[in-house]
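Enquirer: Please see the structure below; I have some questions.
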Amino acid sequence: MHLIIMSVMPPSPAMPQLRLSAAFILLLLINFLSSLAPVNGLYISSLTYCNKPHHHHHNICRHIIAKPMTRHRSDPFEKERVKRAKNVKRDLTKILLAMEEWNQAEDSVLADLLQKWHDTKQQKKAAARNRKCRQRRSWEQFQQYLTDRQFRRYFRMERGCFDYLCERIIDNVGEREFKSEIYLRDFKNGDATEADTLHQTNILHAHERTTGGFVSGEVKLALTLRLLAGGSYMDLALLFDVGFSTAYEIFHKVIKEWILDDRLVKINGVDYCEDDKRMEEVARGFAVASKNVINGCIGAIDGWIVKIRKPRRWKDLRGGDPATFFSRKGFFGINVQAIVDRKKRILYRNIIHRGAEHDSTAFKHSNFYEWLEKNWKKLAEKGLYFIGDSAYAIKSFLVTPFDNAVHGTPEDNYNFFHSSSRISVECAFGEIDLRWGILWSTLRFSLAHNVNVIDACMRLHNFIVDWREDKQGPCRTEVGMKERDLFEEDHRKFMAAYPDIDIYGVHGGEEDDRRDSNGNPLVGGRPSNLSKALADVGRKVRDTLCKDIESKKLVRPKINWFRHNNRVVDEVHA
């Protein structure tokens, strides 16, 4: 007796590999059943594949020839084996029928997918043929409609400063990377002979046919400056005819690759302290401003907190605690430590500390502080030091004011001249905050991008200060007054539009309980011998300055608090 099981499987022109895989699965199943042949009383005598034409299709025929063992039919064991063989036949028939149904459904689904893919491809081709190319306005066409006042208000710098910034970036990254409008126009109309130039020309024409051409470097820089000034990316995307996502792509790329380039503006505290000529120039500026009272000051230090969105635990902090960024001001922020000169130029900055850290702790955990501890004798021999508020611990290289000074005493007089010199760092923070409107509200980028944005604001501030100080005569003062008036006007309008915002942007550091990086109160311990020695030297420097002020008979100016109300003054004198 032969048991023959056949399966007719229509081939699929779309997926022939699936047919072979299905046949292979059936082959494994049959081999598995053949291993059970002694139990079932069956054995496989032959296994063949044949291709037979049936209705113009190639069919796969599977023949399984099984023979029962030679025993008498009345044997009860033989009947059981025959019953089991029938069950095996029934089960295999069901399996083959199910596979055939599955293959038919698969063919239908694949046909539908192929048809949808074909229809989508045709629709995209039709849309590409009917697409209207963008017609971007050139930078020259855009800026000619702006007055000088409007230009400063839009981009927070004068036209000459903007053009100089473009020139510096071109010198650093090259014309090919910057792609100024003059370069693109000359490149388009020039004679492309070299292979690389021809390739770039073809890319330029392809961009013009599809997206309207390359976005010039001037437009990229203007878009970035406007976003830093507080503009909306949606308005800028429509203004410069770029995509919404493209606006922020340009923003982050310009900041990372152009503005944060040390060749444009470099801020390094160690390099500054190793430049004797530069330190002497800064010390001379503080001495002149204080009427030769604060001599040897090479910078004023303070901390400020920039408001940010709550950092994400895993994406930003890699499992850290976001609560460490919650500052004592009542919001999440980044603690930034900065040292500036008398002209509000930033000499050192540190933008890696959390908002919950105290100013003294943040500065103490910086690499620059470690360098100062190792090289404090070099500065002490030259009589040079920094000045900071009472939030910092007094050191040989950092002189702080007297605590709890009584009015009218020499210590109080020293505190007045000390704070008068230190106010430059507060003015620098105020100018940065007033100039770059992106700091007026919460920074909502990732933590790394927030740091880049803050650093870009500080570097551009230094660039503008350098450009402003290079101007001679009354023009320099006039430029500063114009910028201050414009930015204060924008700031007033912003605060009027958002009356609920009472704490915004940049905040200076005041006295507070010292806390660790996790925001817990810092437990005082025994200071090291080096820390004691540095504190003693710092006190000697402060006492020397105090005695010098007293010897010159300089006192805190007396202020008539009633100078704006003569009637009250007359009543008091009466």
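The values are calculated or read from the model by the stated rules, or taken from the named source; none is laboratory data. Remember, predicted model here, so these are calculated numbers, not experimental data. Cβ: placed from backbone, ideal geometry, glycine included. Neighbour counts: every protein chain shown. Protein only, heavy atoms only, side chains kept; ligands, DNA and RNA dropped before computing areas. Shrake-Rupley method; radii C 1.70, N 1.55, O 1.52, S 1.80 Å.
Enquirer: Would you mind getting the accessible area per residue of the stretch 215-305, heavy atoms of the protein chains only, 1.4 Å probe, in Å²?
Expert: Values: 3740 Å² over 91 residues.
Counting only protein heavy atoms, the per-residue value for the stretch 215-305 is 41 Å².
Enquirer: Arrange the peptides 273-284, 297-308 so that the one whose residues have, on average, the most other Cβ atoms within 10 Å appears first. Don't skip to the answer; put the middle values down first.
Expert: Working: 273-284: 15.6, 297-308: 26.1.
Per-residue Cβ counts within 10 Å, averaged per peptide and sorted highest first, yield 297-308, 273-284.
Enquirer: Residue by residue through the stretch 455-470, which ³J(HN,Hα) values in whole Hz follow from phi under the Karplus form 6.51 cos²θ - 1.76 cosθ + 1.60 (θ = phi - 60°), with glycine and proline marked x?
Expert: Karplus-based 3J(HN,Hα) across the stretch 455-470 equals 5, 5, 4, 6, 5, 5, 4, 4, 4, 5, 5, 4, 5, 5, 6, 5 Hz.
Enquirer: Given the pairs Lys253/Lys307; Lys253/Lys378; Lys277/Lys540, which span a C-alpha to C-alpha distance of over 31 angstrom in this model? Don't skip to the answer; put the middle values down first.
Expert: Working: Lys253/Lys307 23 Å; Lys253/Lys378 40 Å; Lys277/Lys540 25 Å.
The answer is Lys253/Lys378.
Enquirer: If you roll a 1.4 Å probe over the heavy atoms of the protein chains, what accessible area per residue do you get for the stretch 327-366, in Å²? Working shown, then result.
Expert: Values: 1140 Å² over 40 residues.
Ligands and nucleic acids excluded, the figure is 29 Å² per residue.
Enquirer: Starting from the Cα of Lys94, step 7 Å along the direction of its Cβ; do the same at Asp119; then give the gap between the two resulting points in nm.
Expert: 3.9
Enquirer: Can you work out the Karplus-derived ³J(HN,Hα) for every residue in the stretch 165-180? Use 6.51 cos²θ - 1.76 cosθ + 1.60 with θ = phi - 60°, whole Hz, and x for glycine or proline.
Expert: 5, 4, 4, 5, 5, 5, 5, 7, 9, x, 5, 5, 7, 6, 6, 5
Enquirer: Amide H to amide H, which residues 5 or more places from His353 or on other chains are under 5 Å from it, using H placed in the peptide plane?
Expert: Asn335
Enquirer: What are the residues whose amide H is under 5 Å from the amide H of Val399, where those residues sit 5 or more places off or on another chain and H is modelled from the backbone?
Expert: Phe386, Ile387, Gly388
Enquirer: Which lysines, if any, have their Cα less than 22 Å from the Cα of Lys558, not counting same-chain residues under 8 positions apart?
Expert: Once the sequence-local lysines are set aside, what remains near Lys558 is Lys291, Lys547.
Enquirer: Which net charge results for the neighbourhood of Arg342, defined as the other residues with beta-carbon distances under 12 angstrom from its beta-carbon, given Lys and Arg at +1 and Asp and Glu at -1? Before the final figure, lay out each step's value.
Expert: Values: positive: Arg284, Lys343, Lys344, Arg345, Arg422; negative: Glu281, Asp341, Glu469.
Around Arg342, the charge tally is +2.
Enquirer: List the residues whose amide H sits under 5 Å from the amide H of Tyr348, counting only those 5 or more places along or on another chain, with H placed 1.01 Å from N in the peptide plane.
Expert: Under 5 Å from the amide H of Tyr348 lie the amide H atoms of Ile339, each far enough along the sequence or on another chain.
Enquirer: Still on this structure, please answer the following. Which order do His358, His252, His407, His449 take when ranked by solvent-accessible area (1.4 Å probe, heavy atoms of all protein chains), largest first? It would help to have the intermediate numbers written out before the result.
Expert: On the way: His358 5, His252 50, His407 150, His449 70 Å².
Largest accessible area first, the residues go His407, His449, His252, His358.
Enquirer: While we're here: From the phi of every residue in the stretch 103-114, what ³J(HN,Hα) in whole Hz does the Karplus formula 6.51 cos²θ - 1.76 cosθ + 1.60 yield, where θ is phi - 60° and glycine or proline is x?
Expert: Couplings: 5, 5, 5, 5, 4, 5, 5, 5, 5, 5, 5, 5 Hz.
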